[in-house]
Amino acid sequence: LFARPWEFLTSVTDMANLPDAAEAEIAFAGRSNVGKSSLINALTGRKGLARTSSTPGRTQMLNFFVAPDTPLTIVDMPGYGYAQAPKELVEAWTQLVFSYLRGRPNLRRVILLIDSRHGIKKNDLEAMDLLDKAAVVYQVVLTKADKIKPPQLKRLIADTQAALAKRVAAHPQIIATSSEKNHGVDELRAELCLLANQ
Ligand code: GDP
């Protein structure tokens, strides 16, 4: 699946323009700067595929990536949690994301990225509330695991697991990754392949 040439399909800002929902979809979400673009690029093996666009105030878009003969679409969701984001932007994010989460029948899972150095923050909890409400299964993937020491990572995984146990739609398995060191990327690929072939 990930040996294929992944490419950008389209960006949408409203539900009316979503591409056909024929394929299984996996969406990536997380705070801005969490390492989402880097991880999508590492997964697909294409460096410039997902672009860093951590500019507050920029248009909120869902970006779709596909590969030929591949029953999986990757969706890059707009990052959340800009410190300076105006209220209207946060509302636009919530509206677009929530209608996508509720209205997309082929959405198999949301990969919720959490920065290993920071753990779950207040706006991650708000994103989880939204996902629970939308009843979409989400799986936490830790990013930048190379930034912390193995014992810290172990503790972080245990703490995160405990926080997820109370959640309605959270998947219990956590994957720790580093795009920089290519750690956990194969494990995440394997998980996505399983979902695509369901
Ligand atoms: P996005 O805003 O979530 O798309 O985040 P980016 O992928 O652009 O990454 C944000 C910053 O974190 C960049 O400076 C990346 O170089 C850095 N970064 C991303 N992934 C890793 C990683 O696995 N390890 C380390 N050390 N830094 C990373």
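Restricting region 141-151 to residues that are within 13 Å of the ligand (Cβ to nearest atom) and over 20 Å from LEU131 (Cα atoms) leaves a set whose member that is nearest to the chain's Cα centre (by Cα) is LYS144.
Of everything in region 152-188 that is within 16 Å of the ligand (Cβ to nearest atom) and within 18 Å of VAL137 (Cβ to Cβ), the residue that is surrounded by the fewest Cβ atoms within 10 Å (Cβ to Cβ) is GLU187.
Among residues of region 137-161 that are of a type in the set (D, E, K, R), those with a Cβ under 7 angstrom from a residue that is near the ligand (Cβ under 10 Å from one of its atoms) and part of a strand (DSSP E or B), sequence gap 6+ or separate chain, pair up as LYS144/ASP115; LYS144/SER178; ASP146/SER178; ASP146/HIS183. Kindly establish whether THR73 is within 15 Å of the chain's Cα centre (by Cα), among the polar types (S, T, N, Q) and more than 16 Å from the ligand (Cβ to nearest atom). Taking the combined requirement at face value, the residue satisfies it.
Whenever a residue of region 111-123 is within 18 Å of LYS166 (Cβ to Cβ), its partners that are part of a helix (DSSP H, G or I) and within 14 Å of the ligand (Cβ to nearest atom), lying with C-beta atoms within less than 7 angstrom and at least six residues away or across chains, give the pairs LEU112/ALA127; ILE114/ASP124. Selection within region 22-39: residues that are modelled with pLDDT of 90 or more and more than 8 Å from the ligand (Cβ to nearest atom). The member of this set that is farthest from GLY119 (Cα to Cα) is ALA24. Residues in region 40-52 that are near the ligand (Cβ under 7 Å from one of its atoms) and in contact (Cβ under 8 Å) with a residue 24 or more places away in the chain: ALA50 alone.
The values are calculated or read from the model by the stated rules, or taken from the named source; none is laboratory data. Owing to the predicted nature of the structure, the values given are computational and were not obtained by experimental measurement. Every residue, glycine as well, gets a Cβ built from its backbone with ideal geometry; the counts of neighbours run over all protein chains shown.
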